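Student: Dropping the structure in here first, questions after.
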Amino acid sequence: MTIPVEYILNFIPLFQSFFFAFLLFTFRNKNALSNRVLGVFMLINFFAYLLSFLDIIKLYDYAIYSWYFTIPLMLAGNPVLFFYIRALTTENFKFKLYDILHFLPVLMVLFINLTTFGPLSYNDKILLVKGVFSAQNVSVSVYIKTYYWANIFYNIQVLGYSFFMILLLRKHKKNIENNFSFKEKISLGWLKGFIVIYIIFVLWEVLTYYLTFIKPYSSLYLVVVIVFYTFLGYFGLKQSDIYIVRNIENIPYPIIRHEHADIIKKADNCTIVNAEKSVTGAEVVQVPESEIRKKEIKIPLSKEKQKEIIEAINKLMEEEKLFLNSQLCLNDFAFRLKVNKNYISVLINEIYQKNFFNFVNEFRIKESQKLLLDPQYNNLSIEGIAISCGFNSKSVFNPAFKRYTGLTPTEYKKLTNKVKL
């Protein structure tokens with residue numbers, strides 16, 4: 001007995017979604033929350049494809065259930081994917097009660113399905129699944145209209161959530177540049193490619209729904225589906241948690257100057273640390289960031305204090321060469337200076353007219369210029385010098401060096417040596 005190719009191609013994404021869901025729920029790493037959210041997305045698609053597969057292989061007794069849940073499952077997938085990106089790009093992300101509103105359309109369509117398709121007799125359900133139905137039946141008519149409008153809403157939903165996911169990634173890019181001195185493994189560039197594939201994938205579904213000459217489950221379409229799940233599953237498992245990998249849990253709470261303690265006392269869970277001094281020389285108060293946001297505490301720094309912090313930052317960079325740490329982030333400065341990281345970020349942007357990423361990498365480039373011309377380091381390759389100066393790889397170092405000097409490291413070394421001669 002020969003199994004039709006169509007059955008095999010329809011079964012592969014069914015297997016893929018279950019396989020990746022299993023791995024995401026059982027894979028042991030610190031990226032637990034985002035893995036589970038992506039695992040839920042895979043499970044949703046597994047059940048959606050399972051129900052459709054039963055319909056394709058004409059197991060109508062079981063395919064009946066697809067008419068209850070297929071559209072609600074499709075509508076649930078988009079917000080879950082959106083929350084996956086939020087879980088990846090948001091520090092200390094937690095679900096809020098109002099997040100349930102994202103799933104309100106799912107509940108509405110499910111309710112309509114249960115109250116229109118549910119009461120139909122078994123024979124009427126089978127006829128409806130086979131595409132033979134009477135529009136004169138009120139329940140059938142309501143169900144068909146719901147199915148039609150739910151499909152339209154789903155297409156709009158995909159475009160809407162794709163737009164908001166792109167906004168999240170753009171915001172994440174700015175957060176990286178203001179908080180980290182590197183982008184490797186945290187830029188989420190693969191998700192941009194995924195969203196493009198996702199939009200193409202859904203546009204194809206739209207065309208198959210409205211243009212009858214395009215087959216909805218053609219071989220090419222199913223190949224796109226298989227690539228879609230392979231891409232998402234592989235990179236989802238590979239993705240590290242953006243914040244945990246930098247040991248942010250070891251960084252103390254944001255620190256506010258003690259002279260404003262009368263304001264801060266309004267917040268709960270405050271601890272005055274009398275024995276500790278900030279870089280400004282004042283006693284400090286540790287306040288959970290959630291309390292700062294809740295109480296909207298905004299404490300400006302005087303010009304003198306700003307100058308002291310900038311001098312302390314320069315000392316860390318020029319004397320201690322903190323930039324040699326390839327995993328350097330803004331929280332490291334907050335920890336060393338006992339100053340709120342948001343103050344440091346604002347000061348770097350205002351004083352140096354640079355974000356944190358460019359600020360740190362400029363020091364690395366200057367250090368690499370010294371090493372390239374120092375005979376003591378002639379035994380080091382370009383990549384060796386890059387790593388010695390705090391870069392994670394040659395591929396990151398070369399474009400950064402050229403952007404700053406206008407030359408590649410090799411060109412810079414040759415040109416400078418010629419000038420010396």
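Student: What are the residue pairs meeting all of these: first residue in the range 55-66, first residue at negative phi, second residue of a type in the set (D, E), Cβ atoms under 8 Å, and 6 or more apart or on different chains?
Tutor: Hits for this filter: I56/E6; A63/D55; S66/D55.
Student: Yes or no: K305 outside any strand (DSSP E or B), surrounded by 13 or more Cβ atoms within 10 Å (Cβ to Cβ) and modelled with pLDDT of 85 or more?
Tutor: The answer is no for K305.
Student: Could you please let me know if V339 is surrounded by 18 or more Cβ atoms within 10 Å (Cβ to Cβ), assigned to a loop (DSSP other than H, G, I, E, B) and not assigned by TED's automatic domain parsing to the domain that holds K173?
Tutor: Yes; evaluated as a whole, the condition is true for this residue.
Student: A follow-up question, please. Given the criterion at positive phi and among the polar types (S, T, N, Q), identify the matching residue among Q376, Q353.
Tutor: Unique residue meeting the criteria: Q353.
Student: While we're looking at this one, here's another question. Among I197, I186, which is the only one that is within 28 Å of A386 (Cα to Cα) and touching a helix residue (DSSP H, G or I) at 6+ places or on another chain (Cβ under 7 Å)?
Tutor: Answer to the selection: I186.
Student: Any residue in the range 84-107 that's in the same structural domain as V40 (by TED's automatic domain parsing): show its pairings with residues that are of a type in the set (D, E) and assigned to a loop (DSSP other than H, G, I, E, B) at Cβ separation under 8 Å, as long as the two are six or more apart or on different chains.
Tutor: Here the result reads L88/D241, each pair linking the range 84-107 to a residue that is of a type in the set (D, E) and assigned to a loop (DSSP other than H, G, I, E, B).
Student: To continue, here is another question. Please give the number of the condition Y253 fails out of (1) more than 16 Å from the chain's Cα centre (by Cα); (2) part of a helix (DSSP H, G or I); (3) modelled with pLDDT under 75; (4) over 24 Å from L14 (Cβ atoms).
Tutor: Answer for Y253: the failing condition is (2).
Student: Of these, I64, I71, I56, which one is crowded, with 19+ Cβ neighbours inside 10 Å and over 24 Å from M165 (Cα atoms)?
Tutor: Exactly one residue qualifies, and that residue is I64.
Student: For the list (1) more than 30 Å from F359 (Cβ to Cβ); (2) within 16 Å of the chain's Cα centre (by Cα); (3) crowded, with 16+ Cβ neighbours inside 10 Å; (4) at pLDDT below 85, I need the number of the one condition that L188 fails.
Tutor: (1)
Student: Still on this structure: Does the range 141-150 contain any residue that is in a helix (DSSP H, G or I), in contact with an Asp or Glu (Cβ under 8 Å, 6 or more places away or on another chain) and surrounded by 19 or more Cβ atoms within 10 Å (Cβ to Cβ)?
Tutor: Checking the range 141-150: not a single residue is in a helix (DSSP H, G or I), in contact with an Asp or Glu (Cβ under 8 Å, 6 or more places away or on another chain) and surrounded by 19 or more Cβ atoms within 10 Å (Cβ to Cβ).
The values are calculated or read from the model by the stated rules, or taken from the named source; none is laboratory data. None of these values were measured; they are calculated from a predicted model. Cβ coordinates were reconstructed from backbone atoms using ideal geometry, including for glycine residues, and neighbour counts include every protein chain displayed.
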